[in-house]
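Here the structure is laid out as C-alpha cells; the discussion comes afterwards.
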Amino acid sequence: MKKRFTESKLRIFLYIGMILLFCSSFTGCKKEEQKSDESEYKVYYLDSEEARVVGEPYEPEGNDTTELLEEFLLQLDLNPKNLSYKKAKPDNVTIKDYKLTDDGQLSLNFDVNYKSLTGISEILCRAAIVKTLGQIDGIEYIEFNVNGQPLMNTNEKPIGFMKRDDFIENTGGETDYTQEVTMTLFFANKKGNALVETRVTKIYDGTISMEQLIIEQLIKGPSVIKGTKEGTLYPTIPSSVSLIKVSTKDGVCYVDLSKEFLEKIPEITDQVAIYSVVNSLVEMPSVNKVKFLIEGEEHKTYRETMTFNEFFERNLDIVKE
C-alpha cells in the first residue's frame, strides 16, 4: 500500500515538473518573440535642450522603399510621442520634392526657408533627417538642395551626399556631428589702421553657432591661430571682452558684448575694432548686417568718435591687400 502511494506521488511530481518546464519554455519563447518584434526603425528628433539628436522607436506600415520613404517623411513633420523631444525640422521648412535613383541616391529639395536654419539648428535638423531616412533599405546616400540648388557649407562649397555614418551615435542613443570649417577673420595690421584678412580652419561640433565661434576667435586673437607668421596679425578686441549673446535674424546679426569692448586696444583705430567684427561675420552667407549691443543696451557712440547705434555693413576700404 505504501509502495503504491509512493509511486503515485512520484508520478504526480513528474507530471507537475513537466508542466512547469513547458510553461517556462513557452514564456521564454514569448519573451524572445516580443524582443524580436521590437521595431528596428527609429524616427529622430531633438532632445529637450535642442542640443542632441535622439531616436524614438517606430513601427512602419509600408513595405517597399518608396512607401517607407513617404511614411518617414510624414513622421518627420509630426510631433514625437515623447513629450520631452522636439521636431528637428521646423514647421515652416518644407520638402518640395525628392528624387531617388536606382543606386540609392536620394536628393531632397527644400524650400527657401531652409536657409533660415543656421549653426547647430541646421546641423541637427540635417542629422535627424539623414539618420531617419538613411535606415531605409534602398537609400544609401542623401543630398540636400534648396530651391534646386545644392546646400552649401560655411565655406560656400556643396555639402554633397551624406550617409548615416557621417553622424556619430554614442552609446546613449544620442548623435553628435563634427565637421571642419574654414572661417574668414579680420585682424589688425601692425600699425592698427587697417584690417588683414586671414583664413582659419577649425573642427566644429555644432554645439555653438558659427557666429559665436567667429567672435570667440576674434577675442582670443591671432596668437592662437596655427601657422600665423609672427608680426603679421594683431588683435582687435581686448581679451577681457565677454560675448553675452549673439543671434541672427533676417540677415542681421545681433552681437551683445560686455562693456570691455568699449575699452579699445591702444594703437587700434575705432574703425578697425568695429569692422574686424562686422567683416568677419558678414563673410557668413546668412549675415548681411551687424547690430551691436553693450550688455543688452544700445550705445549712441563708440568711444565718442563713431556712431554706434546703427546697422553696420561690410567695409572693404580698410582691408589691406
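The values are calculated or read from the model by the stated rules, or taken from the named source; none is laboratory data. Source: prediction; values computed, not measured. All Cβ positions, even for glycine, are placed from backbone atoms using ideal geometry, and neighbour counts span all protein chains on display.
A few notes on this one:
- Residue 313 of a type outside the set (S, T, N, Q), loosely packed, with under 12 Cβ neighbours inside 10 Å and within 32 Å of the chain's Cα centre (by Cα): no
- Summed over region 94-124, residues that are acidic (Asp, Glu) and surrounded by 14 or more Cβ atoms within 10 Å (Cβ to Cβ) total 1.
- The residues in region 145-192 that are at pLDDT below 80, assigned to a loop (DSSP other than H, G, I, E, B) and of a type in the set (S, T, N, Q) can be counted, and the count is 6.
- In region 239-252, the residues that are without any contact (Cβ under 8 Å) to a residue 60 or more places away in the chain and under 16 Å from residue 112 (Cβ atoms) form Cβ pairs under 8 Å with partners that are in a strand (DSSP E or B) and not hydroxyl-bearing (Ser, Thr, Tyr), at six or more places apart or across chains, as follows: 251/289.
- The residues in region 291-307 that are touching a residue at least 24 places away in the same chain (Cβ under 8 Å) and within 15 Å of residue 275 (Cα to Cα) can be counted, and the count is 7.
- When residues in region 274-289 are screened for being out of contact with any Asp or Glu (no Cβ under 8 Å at 6 or more places or on another chain) and without any contact (Cβ under 8 Å) to a residue 40 or more places away in the chain, 1 of them pass.
- Per-region count, region 73-107, residues farther than 17 Å from residue 133 by Cβ and aromatic (Phe, Trp, Tyr): 1
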